[in-house]
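The values are calculated or read from the model by the stated rules, or taken from the named source; none is laboratory data. What you see is a predicted model; the values in this text were computed from it and never measured. Please note: Cβ atoms are built from the backbone with ideal geometry, for glycine as well, and neighbour counts cover all protein chains shown.
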Amino acid sequence: MWGILITFEGIDGSGKSTALADLARWISAEEEEERGPFRGREFLFTAEPTDGEEGRLLRERLKGPRTAEGRGPGPMGSEGLEELFLFLADHARHLREVVVPALDRGMVVISDRYSDSRIAYQGTALRGIVPGPMEWVGAIHRPWSVVPDKTILFRINPAQAVERCLSRKGDGPTSRDPEKFEREAFLREVAANFEVLARNEPERFVIIDAGRERSQVLKDAIRALAAAISEEESGADG
(Lines give C-alpha, C1' and ligand atoms only; values in the text may rest on other atoms or scores of the structure.)
Protein backbone atom coordinates (compact mmCIF):
# COMPACT_ATOMS: atom_id res chain seq x y z
CA MET A 1 0.00 0.00 0.00
CA TRP A 2 1.33 3.43 -0.99
CA GLY A 3 1.69 5.78 1.96
CA ILE A 4 0.68 9.38 2.58
CA LEU A 5 2.89 12.45 2.08
CA ILE A 6 2.16 15.48 4.28
CA THR A 7 4.24 18.65 4.08
CA PHE A 8 4.57 21.54 6.54
CA GLU A 9 5.17 24.88 4.85
CA GLY A 10 5.46 28.52 5.84
CA ILE A 11 7.89 31.39 6.08
CA ASP A 12 10.78 31.41 8.52
CA GLY A 13 9.47 32.15 12.01
CA SER A 14 6.05 30.63 11.31
CA GLY A 15 6.65 27.92 13.91
CA LYS A 16 6.15 24.99 11.55
CA SER A 17 9.34 23.22 12.67
CA THR A 18 8.33 23.62 16.31
CA ALA A 19 4.86 22.29 15.51
CA LEU A 20 6.34 19.30 13.70
CA ALA A 21 8.58 18.48 16.68
CA ASP A 22 5.62 18.86 19.06
CA LEU A 23 3.51 16.66 16.80
CA ALA A 24 6.18 13.95 16.68
CA ARG A 25 6.36 13.90 20.49
CA TRP A 26 2.56 13.80 20.79
CA ILE A 27 2.26 10.89 18.38
CA SER A 28 5.06 9.01 20.16
CA ALA A 29 3.32 9.45 23.51
CA GLU A 30 0.00 8.31 22.06
CA GLU A 31 1.63 5.24 20.54
CA GLU A 32 3.12 4.28 23.89
CA GLU A 33 -0.35 4.41 25.41
CA GLU A 34 -1.77 2.56 22.39
CA ARG A 35 -4.42 5.20 21.82
CA GLY A 36 -5.09 8.25 19.70
CA PRO A 37 -6.35 8.73 16.13
CA PHE A 38 -3.22 7.35 14.46
CA ARG A 39 -3.14 3.82 15.85
CA GLY A 40 -1.62 1.36 13.41
CA ARG A 41 0.08 4.02 11.28
CA GLU A 42 3.85 4.30 10.92
CA PHE A 43 5.28 7.80 10.70
CA LEU A 44 8.48 9.20 9.25
CA PHE A 45 9.45 12.78 10.08
CA THR A 46 11.92 14.40 7.72
CA ALA A 47 12.96 17.81 6.40
CA GLU A 48 14.50 19.76 3.56
CA PRO A 49 17.29 20.71 3.26
CA THR A 50 18.30 17.19 4.26
CA ASP A 51 21.37 15.90 6.07
CA GLY A 52 22.78 14.65 2.75
CA GLU A 53 25.79 16.12 1.00
CA GLU A 54 23.81 18.77 -0.87
CA GLY A 55 21.70 19.55 2.18
CA ARG A 56 24.73 20.09 4.40
CA LEU A 57 26.22 22.42 1.81
CA LEU A 58 22.97 24.35 1.62
CA ARG A 59 22.73 24.67 5.39
CA GLU A 60 26.20 26.18 5.48
CA ARG A 61 25.30 28.62 2.72
CA LEU A 62 22.07 29.57 4.47
CA LYS A 63 24.03 30.72 7.52
CA GLY A 64 25.35 33.61 5.44
CA PRO A 65 23.80 37.07 5.30
CA ARG A 66 22.30 36.61 1.80
CA THR A 67 20.21 33.55 1.18
CA ALA A 68 17.34 32.19 -0.84
CA GLU A 69 15.36 30.86 2.11
CA GLY A 70 14.52 33.60 4.51
CA ARG A 71 17.69 35.11 6.01
CA GLY A 72 17.71 38.12 3.72
CA PRO A 73 16.57 39.47 0.38
CA GLY A 74 17.99 36.52 -1.52
CA PRO A 75 20.95 36.07 -3.86
CA MET A 76 21.00 37.48 -7.36
CA GLY A 77 21.97 36.15 -10.76
CA SER A 78 24.05 33.03 -11.02
CA GLU A 79 24.29 32.66 -7.23
CA GLY A 80 20.51 32.37 -6.96
CA LEU A 81 20.39 29.79 -9.72
CA GLU A 82 23.24 27.86 -8.13
CA GLU A 83 21.34 27.60 -4.85
CA LEU A 84 18.14 26.60 -6.64
CA PHE A 85 19.85 23.69 -8.36
CA LEU A 86 21.47 22.62 -5.09
CA PHE A 87 17.98 22.53 -3.58
CA LEU A 88 16.78 20.46 -6.52
CA ALA A 89 19.66 18.00 -6.15
CA ASP A 90 18.93 17.72 -2.43
CA HIS A 91 15.24 17.15 -3.19
CA ALA A 92 16.08 14.41 -5.69
CA ARG A 93 18.25 12.64 -3.10
CA HIS A 94 15.52 13.09 -0.48
CA LEU A 95 12.96 11.46 -2.75
CA ARG A 96 15.23 8.57 -3.72
CA GLU A 97 16.64 7.75 -0.31
CA VAL A 98 13.88 8.73 2.11
CA VAL A 99 10.47 9.76 0.80
CA VAL A 100 9.72 7.18 -1.89
CA PRO A 101 11.03 4.16 0.08
CA ALA A 102 8.91 5.18 3.08
CA LEU A 103 5.82 5.71 0.92
CA ASP A 104 6.46 2.31 -0.67
CA ARG A 105 6.24 0.83 2.84
CA GLY A 106 2.88 2.52 3.44
CA MET A 107 4.21 5.06 5.95
CA VAL A 108 2.90 8.54 6.67
CA VAL A 109 5.76 10.85 5.67
CA ILE A 110 5.74 14.34 7.16
CA SER A 111 8.31 16.75 5.74
CA ASP A 112 9.32 20.11 7.19
CA ARG A 113 9.59 22.02 3.90
CA TYR A 114 9.29 20.50 0.47
CA SER A 115 8.92 21.70 -3.12
CA ASP A 116 6.46 24.51 -2.27
CA SER A 117 9.19 26.25 -0.27
CA ARG A 118 11.38 26.47 -3.34
CA ILE A 119 8.53 27.80 -5.45
CA ALA A 120 7.67 30.45 -2.85
CA TYR A 121 11.19 31.47 -1.85
CA GLN A 122 12.91 31.23 -5.23
CA GLY A 123 9.85 32.86 -6.74
CA THR A 124 10.96 35.93 -4.82
CA ALA A 125 14.74 35.49 -5.01
CA LEU A 126 14.75 34.95 -8.79
CA ARG A 127 12.33 37.71 -9.67
CA GLY A 128 13.83 39.76 -12.47
CA ILE A 129 16.34 37.00 -13.24
CA VAL A 130 14.06 34.46 -14.91
CA PRO A 131 10.58 35.19 -16.30
CA GLY A 132 7.72 33.94 -14.15
CA PRO A 133 10.01 32.42 -11.49
CA MET A 134 7.26 30.69 -9.49
CA GLU A 135 5.84 28.96 -12.56
CA TRP A 136 9.35 28.17 -13.80
CA VAL A 137 10.48 26.53 -10.55
CA GLY A 138 7.20 24.62 -10.32
CA ALA A 139 7.58 23.36 -13.89
CA ILE A 140 11.08 22.06 -13.11
CA HIS A 141 9.67 19.89 -10.32
CA ARG A 142 6.54 18.70 -12.08
CA PRO A 143 7.87 15.80 -14.22
CA TRP A 144 9.70 13.95 -11.44
CA SER A 145 8.75 15.09 -7.94
CA VAL A 146 6.07 13.48 -5.75
CA VAL A 147 3.12 15.80 -5.11
CA PRO A 148 2.10 15.97 -1.43
CA ASP A 149 -1.28 14.52 -0.52
CA LYS A 150 -1.81 17.42 1.86
CA THR A 151 0.16 20.57 2.67
CA ILE A 152 -0.32 22.33 5.99
CA LEU A 153 0.53 26.01 5.57
CA PHE A 154 1.43 27.90 8.74
CA ARG A 155 0.20 31.43 8.12
CA ILE A 156 1.67 34.27 10.17
CA ASN A 157 2.18 38.00 9.88
CA PRO A 158 5.73 38.45 8.50
CA ALA A 159 6.46 41.15 11.09
CA GLN A 160 5.71 38.68 13.89
CA ALA A 161 7.75 36.01 12.13
CA VAL A 162 10.79 38.29 11.91
CA GLU A 163 10.49 39.17 15.60
CA ARG A 164 10.47 35.44 16.40
CA CYS A 165 13.53 34.81 14.22
CA LEU A 166 15.54 37.66 15.67
CA SER A 167 14.52 36.86 19.24
CA ARG A 168 15.61 33.26 18.68
CA LYS A 169 19.01 34.48 17.53
CA GLY A 170 19.24 36.97 20.40
CA ASP A 171 19.73 39.89 18.01
CA GLY A 172 17.31 42.12 19.87
CA PRO A 173 16.65 44.45 16.93
CA THR A 174 15.35 47.98 17.35
CA SER A 175 12.21 49.06 15.57
CA ARG A 176 14.39 50.95 13.06
CA ASP A 177 16.86 48.16 12.40
CA PRO A 178 17.31 48.19 8.57
CA GLU A 179 18.01 44.44 8.52
CA LYS A 180 14.68 43.85 10.24
CA PHE A 181 12.82 45.77 7.55
CA GLU A 182 14.78 44.00 4.81
CA ARG A 183 13.90 40.59 6.21
CA GLU A 184 10.27 41.52 6.70
CA ALA A 185 9.92 42.82 3.13
CA PHE A 186 11.46 39.63 1.74
CA LEU A 187 9.28 37.34 3.87
CA ARG A 188 6.20 39.36 2.99
CA GLU A 189 6.79 38.55 -0.68
CA VAL A 190 7.42 34.89 0.13
CA ALA A 191 4.25 34.72 2.25
CA ALA A 192 2.27 36.17 -0.67
CA ASN A 193 3.69 33.44 -2.91
CA PHE A 194 2.54 30.76 -0.46
CA GLU A 195 -0.94 32.28 -0.53
CA VAL A 196 -0.95 32.07 -4.33
CA LEU A 197 -0.03 28.38 -4.14
CA ALA A 198 -2.80 27.75 -1.60
CA ARG A 199 -5.40 29.52 -3.75
CA ASN A 200 -4.33 27.53 -6.80
CA GLU A 201 -4.70 24.18 -5.01
CA PRO A 202 -7.30 24.64 -2.25
CA GLU A 203 -7.94 20.90 -2.09
CA ARG A 204 -4.32 20.24 -1.13
CA PHE A 205 -3.65 23.11 1.28
CA VAL A 206 -4.86 23.41 4.86
CA ILE A 207 -4.10 26.77 6.47
CA ILE A 208 -3.33 27.14 10.17
CA ASP A 209 -3.16 30.45 12.01
CA ALA A 210 0.40 30.16 13.32
CA GLY A 211 0.40 33.45 15.21
CA ARG A 212 -1.42 31.92 18.18
CA GLU A 213 -0.23 30.01 21.22
CA ARG A 214 1.96 26.98 20.58
CA SER A 215 -0.54 24.57 22.17
CA GLN A 216 -3.36 25.80 19.94
CA VAL A 217 -1.22 25.48 16.82
CA LEU A 218 -0.40 21.90 17.83
CA LYS A 219 -4.10 21.08 18.27
CA ASP A 220 -4.84 22.41 14.81
CA ALA A 221 -1.92 20.45 13.32
CA ILE A 222 -3.20 17.23 14.93
CA ARG A 223 -6.70 17.92 13.63
CA ALA A 224 -5.44 18.66 10.11
CA LEU A 225 -3.26 15.55 10.06
CA ALA A 226 -6.09 13.32 11.28
CA ALA A 227 -8.42 14.72 8.61
CA ALA A 228 -5.79 14.24 5.89
CA ILE A 229 -5.18 10.61 6.84
CA SER A 230 -8.91 9.90 7.10
CA GLU A 231 -9.48 11.47 3.68
CA GLU A 232 -6.73 9.40 2.06
CA GLU A 233 -7.95 6.19 3.71
CA SER A 234 -11.51 6.84 2.55
CA GLY A 235 -10.26 7.43 -0.97
CA ALA A 236 -8.28 4.20 -0.90
CA ASP A 237 -11.30 2.25 0.34
CA GLY A 238 -13.43 3.75 -2.40
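Every residue in the stretch 133-173 that is at pLDDT 95 or above and of a type in the set (Val, Ile, Thr), please.
Those that are at pLDDT 95 or above and of a type in the set (Val, Ile, Thr): Val137, Ile140, Val146, Val147, Thr151, Ile152, Ile156.
When the residues of the stretch 178-233 are narrowed to those that are of a type in the set (Asp, Glu) and modelled with pLDDT of 95 or more, which ends up farthest from Ala161 (Cα to Cα)?
For the stretch 178-233, the residue satisfying everything is Glu203.
Please specify each residue of the stretch 86-126 satisfying the condition of being crowded, with 18+ Cβ neighbours inside 10 Å and not in a helix (DSSP H, G or I).
Met107, Val108, Val109, Ile110, Ser111, Asp112, Arg113, Tyr114, Leu126 - these are the residues of the stretch 86-126 that are crowded, with 18+ Cβ neighbours inside 10 Å and not in a helix (DSSP H, G or I).
Within the set of pairs 6+ apart or on separate chains, which have a first residue in the stretch 147-159 that is touching a residue at least 60 places away in the same chain (Cβ under 8 Å), a second that is among the hydroxyl-bearing types (Ser, Thr, Tyr), and C-beta atoms under 6 Å apart?
Taking only residues 6 or more apart or on different chains, the pairs are Pro148/Thr7; Thr151/Thr7; Phe154/Ser14; Ile156/Ser14.
Checking Asp12 against (1) among the charged types (D, E, K, R); (2) assigned to a loop (DSSP other than H, G, I, E, B); (3) farther than 17 Å from Glu233 by Cβ; (4) more than 12 Å from the chain's Cα centre (by Cα), which single condition isn't satisfied?
Answer for Asp12: the failing condition is (4).
Take the stretch 208-223 and flag every residue that is more than 17 Å from Ala24 (Cβ to Cβ) and not small (Gly, Ala, Ser).
Asp209, Arg212, Glu213, Gln216
I need a count of the residues in the stretch 15-38 that are assigned to a loop (DSSP other than H, G, I, E, B) and at negative phi.
Summing the residues that are assigned to a loop (DSSP other than H, G, I, E, B) and at negative phi in the stretch 15-38 gives 4.
Among residues belonging to the stretch 206-226 that are of a type in the set (Gly, Ala, Ser) and under 14 Å from Thr7 (Cα atoms), point out the one that is surrounded by the fewest Cβ atoms within 10 Å (Cβ to Cβ).
Ala226
Filtering the stretch 92-115 down to residues that are of a type in the set (D, E, K, R) and closer than 18 Å to Arg59 by Cα, which residue is nearest to the chain's Cα centre (by Cα)?
Arg113
Could you list, ordered by first residue, the pairs with Cβ atoms under 8 Å in which the first is in the stretch 129-141 and farther than 10 Å from Arg118 by Cβ and the second is exposed (fewer than 15 other Cβ atoms within 10 Å of the Cβ) and of a type outside the set (A, V, I, L, M, F, W, C), at least 6 apart or interchain?
Short answer, once both residue conditions are applied: Ile129/Gly77.
Within the stretch 39-51, work out how many residues are touching a strand residue (DSSP E or B) at 6+ places or on another chain (Cβ under 9 Å), among the charged types (D, E, K, R) and either farther than 23 Å from Ala161 by Cα or assigned to a helix (DSSP H, G or I) (or both).
Counting residues in the stretch 39-51 that are touching a strand residue (DSSP E or B) at 6+ places or on another chain (Cβ under 9 Å), among the charged types (D, E, K, R) and either farther than 23 Å from Ala161 by Cα or assigned to a helix (DSSP H, G or I) (or both) gives 2.
Looking only at the stretch 122-162, how many residues end up being touching a Ser or Thr at 6+ places or on another chain (Cβ under 9 Å) and of a type in the set (Phe, Trp, Tyr)?
Qualifying residue count, the stretch 122-162: 1.
Please give the number of the condition Ala68 fails out of (1) buried (at least 17 other Cβ atoms within 10 Å of the Cβ); (2) modelled with pLDDT of 95 or more; (3) within 17 Å of Ile119 (Cα to Cα).
Condition not satisfied by Ala68: (2).
May I ask you to verify whether Glu54 is surrounded by fewer than 17 Cβ atoms within 10 Å (Cβ to Cβ) and not in a loop (DSSP other than H, G, I, E, B)?
no
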